[in-house]
1. So for region 298-321 (the condition being among the hydroxyl-bearing types (Ser, Thr, Tyr) and closer than 25 Å to Ala143 by Cβ), does at least one residue qualify?
2. Looking at region 371-388 only, could you name the residues that are under 23 Å from the mean Cα position of the chain (by Cα) and in a helix (DSSP H, G or I)?
3. Does Gly137 satisfy the condition of being farther than 18 Å from Met272 by Cβ, surrounded by 20 or more Cβ atoms within 10 Å (Cβ to Cβ) and under 18 Å from the mean Cα position of the chain (by Cα)?
4. Does region 209-223 hold any residues that are more than 11 Å from Met161 (Cβ to Cβ) and either surrounded by fewer than 24 Cβ atoms within 10 Å (Cβ to Cβ) or touching a helix residue (DSSP H, G or I) at 6+ places or on another chain (Cβ under 6 Å) (or both), and which are they?
5. Six or more apart or on different chains, Cβ atoms under 9 Å: show the pairs whose first residue is in region 212-240 and without any contact (Cβ under 8 Å) to a residue 24 or more places away in the chain and whose second is open to solvent by less than 10 Å² (accessible area, probe 1.4 Å) and not hydroxyl-bearing (Ser, Thr, Tyr).
6. If you check every pair at least six apart or on different chains, which have Cβ atoms under 6 Å apart with a residue in region 350-367 that is touching a residue at least 12 places away in the same chain (Cβ under 8 Å) first and a residue that is small (Gly, Ala, Ser) and not in a helix (DSSP H, G or I) second?
7. Hey, among the residues in region 1-18 that are in a loop (DSSP other than H, G, I, E, B) and more than 15 Å from Asp381 (Cβ to Cβ), which one's modelled with the lowest pLDDT?
8. Being in a loop (DSSP other than H, G, I, E, B) and in contact with a His (Cβ under 9 Å, 6 or more places away or on another chain) is the requirement here; does Gly76 meet it?
Amino acid sequence: MTLPFTIESQTGPARLARISTAHGPVETPSFMPVGTAGTVKAVPQGILEDLGAQIILGNTYHLYLRPGHELVRNLGGLHKFMSWDRALLTDSGGFQVFSLSELRKVKEEGVSFRSHLDGTSHLFTPERSMEIQIALGADIVMAFDECTEHPAERERARASMEMTLRWAKRSKDYFEAHKHEVPWNSVPALSAENAEGMGHPTAYPTAPALFGIIQGGMYPDLRRESAERTVELDFPGYAIGGLSVGESRAKTMEMIAVVLEILPKDKPRYVMGVGYPEEIVQYAAMGVDMMDCVLPTRAARHGLLFTSEGRINIKNARYAQDQGPADPKCACRVCARYTRAYLRHLFVSAEPLAGVLNTVHNLAYYLDTMRSVRHAITLGDLSGMLSGSVSLT
Ligand SMILES: [Zn+2]
């Protein structure tokens, strides 16, 4: 079993499904909080569990530079290191190399770069990215790709896409030969709580799964070709990368729609790096199963809260004496306990608790939004979710 994916209900192209990982089930459509350096910034793992997060992301680039994947492997893998026994997905490191590192140089072999922390030289290749992700012990590993910059000329987008395809093949070859080296492989990883609802024990995997990534810039025909040729390589799941890089939302949707037509319907489909609450609802309605974004966590640290009444900036003076919760319709522990006035005070006083509470609420809002989407799919009607989400824009 590479990565069991069971579709339980469908409404139009939207699917309610379950991914069975060695670290428990992931109900989809799913929003995955980003835990860059082995931590979803400002939120303890126990609260993430209470919020219902079934899977979080780790960033390969950050964890490789600090504390180092060998150290994490020696300590039993990322699950054990960070005390998170639910599912983990790691990115390939490619995106951060392109966005954060200095003096990067892309060659056929891979990408050489200097660390943004201390200026030391490093080389990421598809093989190296697999080695690091396997050492970290993610349940879902991402192929090493080149995130095509935007805007990009057609020929540049094509060349980049072609290289991502060659790198996908190299990623897969290395991954298949080494996937059983994950730190948790020999250990029955599933706790009783995680095993709940997973069916027979043989129904979940003993090795991680590798997802291929579709690129192709903002060119529908290149996206189509990238999807067809990546599917030929046969991965247990597929991601659409290179979006939310400055293009219009209409363009993002167009690229997603083009690719979804080609991706197999019986495998998970993941759009990387999106988006606003109303966007993730739309993409789920189109048939996307997984999404991730730093937006709810990063915005929270800047005092921006997502609520059923739209986005609010908690530092605004109008909240100085507001006795209401951040979001009157939210059932999270922050909204149950604290007022906007208090959240504003914490933020303008630069108290560390501000980042914690704002992040907990924003993640609750995103995870509840996806829960509502899943419920709407079982009811067979997403129209309320879609029309409701429009008011948030
Ligand atoms: Zn809340």
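1. Within region 298-321, the subset among the hydroxyl-bearing types (Ser, Thr, Tyr) is 307-308, 319.
Adding the requirement that they be closer than 25 Å to Ala143 by Cβ leaves none.
Scanning region 298-321, I find no residue that is among the hydroxyl-bearing types (Ser, Thr, Tyr) and closer than 25 Å to Ala143 by Cβ, so the answer is no.
2. Arg371, Ser372, Val373, Arg374, His375, Ala376, Ile377, Met385, Leu386
3. yes
4. Taking region 209-223 first, the residues more than 11 Å from Met161 (Cβ to Cβ) are 209-212, 218, 220.
Leu210, Gly212, Met218, Pro220, listed by residue number.
5. Asp234/Gly212
6. As it stands, the answer is Gly355/Ala42; Val356/Ala42; Thr359/Ala42; His361/Ala326; Leu367/Gly52, since those pairs meet every condition given.
7. That would be Met1.
8. Working: in a loop (DSSP other than H, G, I, E, B): yes; in contact with a His (Cβ under 9 Å, 6 or more places away or on another chain): no.
Considered against the rule, which asks whether it is in a loop (DSSP other than H, G, I, E, B) and in contact with a His (Cβ under 9 Å, 6 or more places away or on another chain), Gly76 comes out as no.
The values are calculated or read from the model by the stated rules, or taken from the named source; none is laboratory data. Note that the coordinates shown come from a computational prediction; the quantities given were computed from them, not determined experimentally. Note that we place each Cβ from the backbone using ideal geometry, even for glycine, and neighbour counts take in every protein chain shown. The protein model used for the area step is the full one, side chains on, heavy atoms only, and it has no ligands, DNA or RNA in it. Shrake-Rupley method; radii C 1.70, N 1.55, O 1.52, S 1.80 Å.
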